Amino acid sequence: MAKSDSPLVQAATEFDEELAVYARLGELFLKTPLNTLKHLERANTTIGEIADCEQRLSNAGKKLIEALTAARQKQEDLSQSVIDYAPTVQARNVKLRELMTAMGELAGDVAAINTQVTGKNGDSGHEAPAPDPAEVSKKVLDLSERADQLAATAREADFVELAEQAHALHQRLKAIGTKLQKATP
């Protein structure tokens, strides 16, 4: 279904149509021979039609100016709304960046514990000493708590997707930390 025309398009169309009528009448008037009574009557009638058309053209021009002014005002209002809203977007971007940095730090700390647990110290000739399960459990549970806090902060800031990711990480870390705690003698 076609979109209905805006007031500006309607006014421009009306003005264009009246302009076309005026051009047609003007050309007809200028080309009308004046050598018979019938031709003179036709010329006089055409002058009257041109005068009527000029009035309609003037009215259509006023409508076009009003529609153009209204469209310009709407654009300026929207522009101001965009300018007013930009700081909100900027603040959201800053908050998201903070949360993503915290999530990245959390992931880095999880990777460090993973490296500690798997015994990779970067030296292929020597294995890393076996980690203390109680210490690893405490670190994992601390990371779980940080992930839970991050999830709550993200939820408060209305970053639902990030909150869900942080909450899922919290649950996984809590389960791992709890299992390690139970395995600790």
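Coordinate-derived values only; no laboratory data. Just so it is clear, the structure is predicted and the values come from calculations on it, not from any experiment.
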_Extension gain (nm, one decimal) between LEU96 and GLU49, 0.36 nm per residue minus Cα-Cα_ = 10.2 nm
*In deg cm²/dmol, rounded to 500, what helix-only [θ] at 222 nm does the chain give when every DSSP H run of at least 4 residues adds -39500 (n - 2.57) and the total is split over its residues?*
-31000 deg cm²/dmol
*Please work out which option in (1) 29, 18, 14; (2) 36, 23, 12; (3) 84, 16, 12 gives semi-axes √(5λ) of the Cα gyration tensor in Å calculated from these coordinates, and answer with its label.*
(3)
